[in-house]
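Asks: I have a structure here, written as C-alpha cells, and I will follow up with some questions on it.
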Amino acid sequence: MSRSGPGDALAPVRVLGIDPGTRLCGWGVVARVGGRLEHVDNGVVVLDPKAALADRLARLLEALEGVLGVYHPDAAACESVFHNRNARAALTLGHARGVALAALARSGLAVSEYTPQQVKKAVTGSGRADKAQIQQMVALRLDLPEPPQADAADAVAVALCHAQHGAVGVAGVALPTAPRGGRRRSQAALKALVTRQEKGRT
C-alpha cells in the first residue's frame, strides 16, 4: 500500500499499534477506508523467556521489521511505560520499547506514545478498564468475530487511540461508537457479544 500525503484526505491510511514486551509483544494494524476505521490484522511476537535478553531483543527487532515490511503502515504508535513498583520489570519493558521505537524509526515513521490510561479511555471510555474489557471492546468496535489475544488487543487499541487523536491522514475520523447508556449498557453489549460467540462455537 502506498503512503498518503498529509493533504490526501481520502487515501487509505494504515496505523500500526504496538504493545511492547520482552516475552509477548502485541501488534495491530487498522486502516481508514473512506470515513471509517477497519481492522487489518493483529498478532503477537512470542519470545522465549529462557533466552538471553539480548537474543530476545534481536528476535523482537526482526519480527517487528517483518510486520512493517508486510503492512507498510503510514503512522505508528506505541504504549508508553507505566509506573511500575518493580524497577527491574520496568527496565526490562523499557528495553522492548526501545527496540520497537528503533524499528519504527528505521522505517521512517514518526511515532506517537500513549499511556495505558489514554488507550483504555479512548477505546472503552474508562481509564480503568481491564484487559478483558479492552479485548471485548476492540472486537465490538471493529466488528470482529471474536476478541483478539490480550496483547494483540492492547496493540489494536493503541492503533485506535492514535487514530482518534489525529494520526497522519486520519484526522477527523472518530472511533466506531460505543454503546450509549453508560457502563451498564456497555457491559450488556459485551455480554451479548460473548453469548453470540459461544453460540457460534456450538
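The values are calculated or read from the model by the stated rules, or taken from the named source; none is laboratory data. Since the model is a prediction, treat every value here as computed from it, not as a measurement. Because the Cβ atoms are built from the backbone with ideal geometry, glycine has one as well, and the counts that use them run over all protein chains shown.
Asks: Tell me, which residue of segment 20-34 that is surrounded by 24 or more Cβ atoms within 10 Å (Cβ to Cβ) and small (Gly, Ala, Ser) is nearest to ARG59 (Cα to Cα)?
Replies: Step by step, filter segment 20-34, then rank; the result is GLY26.
Asks: Can you name every residue in segment 35-60 that is buried (at least 17 other Cβ atoms within 10 Å of the Cβ) and either over 16 Å from the mean Cα position of the chain (by Cα) or under 25 Å from ALA89 (Cβ atoms) (or both)?
Replies: ASN42, GLY43, VAL44, VAL45, LEU47, ARG56, LEU57, ARG59, LEU60
Asks: Among the candidates ALA77, ALA63, ALA100, ALA51, which residue alone is touching a Pro at 6+ places or on another chain (Cβ under 8 Å), among the small types (Gly, Ala, Ser) and modelled with pLDDT of 95 or more?
Replies: After ruling out the rest, the residue left standing is ALA100.
Asks: Follow-up question, since we're still on this one. When you go through ALA132, ALA89, ALA178 one by one, which is the residue that is more than 16 Å from ALA31 (Cα to Cα), surrounded by fewer than 17 Cβ atoms within 10 Å (Cβ to Cβ) and modelled with pLDDT of 95 or more?
Replies: After applying the criteria, what remains is ALA132.
Asks: Just one of the numbered conditions (1) at pLDDT 95 or above; (2) outside any helix (DSSP H, G or I) is not true of GLY172; which one?
Replies: (1)
Asks: Also, I was wondering about something else. Which pairs do you get when a residue that is on the phi > 0 side of the Ramachandran plot, found in segment 138-154, comes within reach of a residue that is modelled with pLDDT under 95 and surrounded by fewer than 23 Cβ atoms within 10 Å (Cβ to Cβ), reach meaning Cβ atoms under 8 angstrom, with the pair 6+ apart or on two chains?
Replies: What qualifies is ASP143/PRO176.
Asks: Kindly provide the set of residues from segment 106-133 that are farther than 14 Å from GLY17 by Cα and part of a helix (DSSP H, G or I), ordered by number.
Replies: Answer for segment 106-133, where residues must be farther than 14 Å from GLY17 by Cα and part of a helix (DSSP H, G or I): ARG106, GLN117, LYS121, THR124, LYS131, ALA132, GLN133.
Asks: Right, next: Find all pairs meeting these conditions: Cβ atoms under 6 angstrom apart; at least six residues apart or on different chains; first residue within segment 34-45 and acidic (Asp, Glu); second residue surrounded by 17 or more Cβ atoms within 10 Å (Cβ to Cβ).
Replies: GLU38/ALA31; ASP41/VAL29
Asks: Scan segment 54-80 for residues that are farther than 24 Å from GLN118 by Cβ and not aliphatic (A, V, I, L, M) and jot them down.
Replies: Result: ASP55, ARG56, ARG59, GLU62, GLU65, GLY66, GLY69, HIS72.
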